[in-house]
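The next block holds one structure in the form of structure tokens; read it before the comments.
The values are calculated or read from the model by the stated rules, or taken from the named source; none is laboratory data. The structure presented is a predicted model; accordingly, all values stated were derived computationally and were not measured. Methodologically, a virtual Cβ is constructed for each residue, glycine included, from the backbone with ideal geometry; neighbour enumeration extends over all protein chains shown.
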Amino acid sequence: MATDRDELTSYEYRQLRARILAASDVCIVCGHGASDTADHIHPVSKGGARLDPDILAPIHGVKGCPVCLHKCRYGLECPPLWGTPRNPDRPSLGPKLWKVMTRLGAPPMPWQKYVSDVALEIDPVTGLFAHREVGVSVPRQQGKTELCLAAQVHRSLAWQRQTTVYAAQTRGMARQRWEDEFREKISGSDLARMARIRKSNGNEAILWGRTRSKMGITANTEKAAHGLTLDLGFIDEAFAHEDDRLEGAFSPAMLTRPMAQLWWASAGGTTKSVWLNKKRETGRALVEALYDALAEDAAAVRPRVAYLSAGRTHTAASIGPAAKCSRS
């Protein structure tokens, strides 16, 4: 994908894109006109030349197709169920995270591309993340773990001295995920040479020497992250959390970090999933209100919370307000 920020803003690429769109603006994905960018047919990651006109073709960008409303950039027929819409006026670090996923051996699926592109939008005025909180509801076995790991690794490598903390149902479950998934995937990738893995019980961490960043785990208690300055807190398997003690523990540790984010992710919950159910209800209300506001004013103020209910597939009957995929 032609998503490297430097490439997309280079003079050579802009000139080449203009020539391609002047010749044809028919999107290579959906077949409709009005494409506004160009992308690689043969990915650069697989040997394609970045500025080869023979492998570049028209495609609809972050705004999607004005005819069928497909999100051609991501390969989605519709935005995620109850999904915060992408703001095309903001740059995003999402494509950087996609590259991390590829290096970890799990190239991003369409829904993962969309979620990360929204989650990592940058406010062009402040230069900070537009969203302070990111919530993801996704069915089981859909790639949540890969996105979770990539978000932590990207954060650790993108800036100096970053601290990320991962929590699951219990500390034991967090350690199991850390050992079986995170540690193994990093060790088996070309990122292994950049990481030092500390395995001692109670002091587990993945240390990134170049940036002096650290990925750790914590227990699901009100003392989690106590004493830390936290840049990224990731609450996984949120269905198991019956109250907001973990969020309450993470939030103070982020107060002095301008680029800090709280991510939470979960599959389905139960009536006991009090915290998750409240988050989902709030997220859906924010998405519904945002779509209504954007219908009145395209420049409407957007909340600093992104909520996305995603999965491998989306049908028109289950899109919720984002079936503004089917709205006219």
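Scanning the range 222-241 for residues that are modelled with pLDDT under 85 and either in contact with a strand residue (DSSP E or B) (Cβ under 8 Å, 6 or more places away or on another chain) or under 25 Å from GLU146 (Cα atoms) (or both) yields ALA224, ALA225, LEU228, GLU237, ALA238, PHE239, ALA240, HIS241.
Consider the range 166-212 and keep the residues that are of a type in the set (Gly, Ala, Ser) and touching a Ser or Thr at 6+ places or on another chain (Cβ under 9 Å). The one that is surrounded by the most Cβ atoms within 10 Å (Cβ to Cβ) is ALA167. For PRO95, the stated conditions do not hold, so it cannot be described as in a loop (DSSP other than H, G, I, E, B) and in the same structural domain as LYS185 (by TED's automatic domain parsing).
The residue that is nearest to PRO91 (Cα to Cα), counting only those in the range 114-128 that are surrounded by 22 or more Cβ atoms within 10 Å (Cβ to Cβ) and modelled with pLDDT of 90 or more, is GLU121.
Just so you know, in the range 2-30 the residues that are of a type in the set (A, V, I, L, M), buried (at least 17 other Cβ atoms within 10 Å of the Cβ) and in a loop (DSSP other than H, G, I, E, B) include one that is modelled with the lowest pLDDT, and it is ALA2. For ASP236, state whether it is acidic (Asp, Glu), surrounded by 16 or more Cβ atoms within 10 Å (Cβ to Cβ) and within 22 Å of the chain's Cα centre (by Cα). Against the criterion (acidic (Asp, Glu), surrounded by 16 or more Cβ atoms within 10 Å (Cβ to Cβ) and within 22 Å of the chain's Cα centre (by Cα)), ASP236 qualifies. Annotation: TRP159 fulfils all but one of (1) closer than 21 Å to MET101 by Cβ; (2) in contact with a strand residue (DSSP E or B) (Cβ under 7 Å, 6 or more places away or on another chain); (3) among the aromatic types (Phe, Trp, Tyr); the unmet one is (2). The helices (runs of 4 or more DSSP H) located wholly in the range 103-185 that include 1 or more residues which are touching a residue at least 24 places away in the same chain (Cβ under 8 Å) and either closer than 14 Å to GLN261 by Cβ or not assigned by TED's automatic domain parsing to the domain that holds SER273 (or both) occupy 110-119, 144-158. In the range 37-54, the qualifying residues are those that are at pLDDT 70 or above and part of a helix (DSSP H, G or I), and the one that is nearest to ARG19 (Cα to Cα) is PRO53. Within the option set THR229, THR256, being assigned to a loop (DSSP other than H, G, I, E, B), in contact (Cβ under 8 Å) with a residue 60 or more places away in the chain and assigned by TED's automatic domain parsing to the domain that holds ASP180 holds for one residue only, THR229.
State yes or no: is GLU184 in contact with a strand residue (DSSP E or B) (Cβ under 6 Å, 6 or more places away or on another chain) and among the acidic types (Asp, Glu)? No.
Return yes or no: is GLY283 assigned to a helix (DSSP H, G or I), in contact (Cβ under 8 Å) with a residue 24 or more places away in the chain and touching a Gly at 6+ places or on another chain (Cβ under 9 Å)? The answer is yes for GLY283.
Pairs are defined by a Cβ separation below 7 Å, a sequence spacing of at least 6 or placement on different chains, a first member in the range 261-277 that is touching a residue at least 24 places away in the same chain (Cβ under 8 Å), and a second member that is surrounded by fewer than 15 Cβ atoms within 10 Å (Cβ to Cβ) and of a type in the set (Lys, Arg); the pairs so defined are ALA267/ARG140. With the checklist (1) out of contact with any Ser or Thr (no Cβ under 7 Å at 6 or more places or on another chain); (2) modelled with pLDDT of 75 or more in hand, flag the one item VAL67 doesn't pass. Failing condition for VAL67: (2).
When each of GLY83, GLY33 is tested for being assigned to a loop (DSSP other than H, G, I, E, B), modelled with pLDDT of 80 or more and not assigned by TED's automatic domain parsing to the domain that holds SER116, the lone residue that passes is GLY33.
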